[in-house]
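The values are calculated or read from the model by the stated rules, or taken from the named source; none is laboratory data. These numbers come from a predicted model, not from an experiment. Note: ideal-geometry Cβ built from the backbone for every residue, glycine included; neighbour counts use all protein chains shown.
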Amino acid sequence: MPIYEYICLDCRHKFDVLRGMSYADEPLNCEICASDNCSRLISVFFSHSDSRTATATTQSSCGSCSANSCAGCSR
Ligand SMILES: [Zn+2]
């Protein structure tokens, strides 16, 4: 069963979740603030040392926009 990395878009907490592939895009709650505003990170691209920049540029969507980058939104 694969491990997916998620980031909470409210508190920027990153956490790993072990779940089946069919559940990869299912909503989940942040383990810190319980927000459901979480986004799955694409781990293969997530190797930058600057995690803040990597988070902004590697997630497939940020929940508030549908583009491949978050350059167009404030998050
Ligand atoms: Zn959170």
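Overview of results
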item	result
Those residues of the range 10-31 which are of a type in the set (D, E) and within 16 Å of the ligand (Cβ to nearest atom), in sequence order	D10, D16, E31
Conditions (1) modelled with pLDDT of 85 or more; (2) surrounded by 13 or more Cβ atoms within 10 Å (Cβ to Cβ); (3) not in a strand (DSSP E or B); number of the one not met by E26	(2)
Residues located in the range 29-42, provided they are exposed (fewer than 15 other Cβ atoms within 10 Å of the Cβ) and touching a Pro at 6+ places or on another chain (Cβ under 8 Å)	D36
